[in-house]
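Student: Questions regarding the structure given below will be posed in turn.
The values are calculated or read from the model by the stated rules, or taken from the named source; none is laboratory data. Being a predicted model, the structure only gives us computed values, none of them experimental. Cβ coordinates were reconstructed from backbone atoms using ideal geometry, including for glycine residues, and neighbour counts include every protein chain displayed. For accessibility, only protein heavy atoms count, side chains too; no ligands or nucleic acids. Shrake-Rupley method; radii C 1.70, N 1.55, O 1.52, S 1.80 Å.
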Amino acid sequence: MSQQTNIAAQTAFGEAVATGNLDVLDEIVAPGSTDHDPAPGQEPGPEGYKAMFGELRTAFPDLHVEVEHLMATDDELAFAYTVTGTQLGELMGHPATGRTVSYRGMQISRFDSDGKLVERWGSSDELGMLRQLGLAEE
C-alpha cells in the first residue's frame, strides 16, 4: 500500500476516536489485528480498540488527540501525539474528577495490503495522566 493510503487509514482511525463513531474501526482494523501494548483486558481486532477508546471517550467526553509528528513508509506509520481531555466520567473504576489532562505518546502502526491496521506498538504517559487526575502519587 502507499504511504497516502496508510495516512488516510490512520486519519480515519483518529477521526473515529475524536467523534466517538467507533464502528468505523471495523473498516480500518483487520479482524485479527494485534496490539503489542494493549489496555488491560483488550481483545484483538476492532472490538478491542472500540472497547478501549469507548472507555476513554466515556471518561473524557472532550477527548482530543493532536498528532504532532508523522512519518510513513509503504506499510508503516509512526507518530507522536498529545492527548487532552477533562475527566467527566468513570475511568478504570475511579469516579470523575473534573480535572483536565495533557499527556504525550508515540505509536507505530503496520498496515496490510488492503490498508487495514494489522499491528500496533505504542506508549503513552499513562502514569502522568493518572497523576494529573490525582489517582497516582507524585
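Student: What is the one condition in (1) surrounded by 16 or more Cβ atoms within 10 Å (Cβ to Cβ); (2) modelled with pLDDT of 95 or more that Asp26 does not satisfy?
Tutor: So the condition that Asp26 fails would be (1).
Student: Another one. Using beta carbons and a limit of 6 Å, which pairs, at least six apart or on different chains, have the first residue in the stretch 11-28 and part of a loop (DSSP other than H, G, I, E, B) and the second one open to solvent by less than 20 Å² (accessible area, probe 1.4 Å) and modelled with pLDDT of 95 or more?
Tutor: From the stretch 11-28, no pairs qualify.
Student: Within the stretch 116-138, count every residue that is open to solvent by 30 Å² or more (accessible area, probe 1.4 Å), in contact (Cβ under 8 Å) with a residue 40 or more places away in the chain and farther than 30 Å from Gly32 by Cβ.
Tutor: Here the count works out to 1.
Student: Then there is this: Within the stretch 27-78, how many residues turn out to be under 24 Å from Gln4 (Cβ atoms) and of a type in the set (Gly, Ala, Ser)?
Tutor: Of the residues in the stretch 27-78, 4 are under 24 Å from Gln4 (Cβ atoms) and of a type in the set (Gly, Ala, Ser).
Student: Another question about this same structure. Which residue is farthest from the chain's Cα centre (by Cα), if the candidates are limited to the stretch 97-109 and must be more than 12 Å from Ser124 (Cβ to Cβ) and surrounded by 15 or more Cβ atoms within 10 Å (Cβ to Cβ)?
Tutor: Filtering the stretch 97-109 for residues that are more than 12 Å from Ser124 (Cβ to Cβ) and surrounded by 15 or more Cβ atoms within 10 Å (Cβ to Cβ), the one farthest from the chain's Cα centre (by Cα) comes out as Thr97.
Student: Another question, if that's okay. Any idea which of Ala59, Ala80 is crowded, with 18+ Cβ neighbours inside 10 Å, of a type in the set (Gly, Ala, Ser) and touching a residue at least 12 places away in the same chain (Cβ under 8 Å)?
Tutor: Ala59
Student: Of all residues in the stretch 30-54, which are touching a strand residue (DSSP E or B) at 6+ places or on another chain (Cβ under 7 Å), open to solvent by 30 Å² or more (accessible area, probe 1.4 Å) and either in a strand (DSSP E or B) or closer than 30 Å to Gly98 by Cα (or both)?
Tutor: Thr34, Asp37, Gln42
Student: Another question, if that's okay. Any idea which of Gly98, Gly89 is assigned to a loop (DSSP other than H, G, I, E, B) and either of a type in the set (S, T, N, Q) or at positive phi (or both)?
Tutor: Testing whether each residue is assigned to a loop (DSSP other than H, G, I, E, B) and either of a type in the set (S, T, N, Q) or at positive phi (or both) leaves just Gly98.
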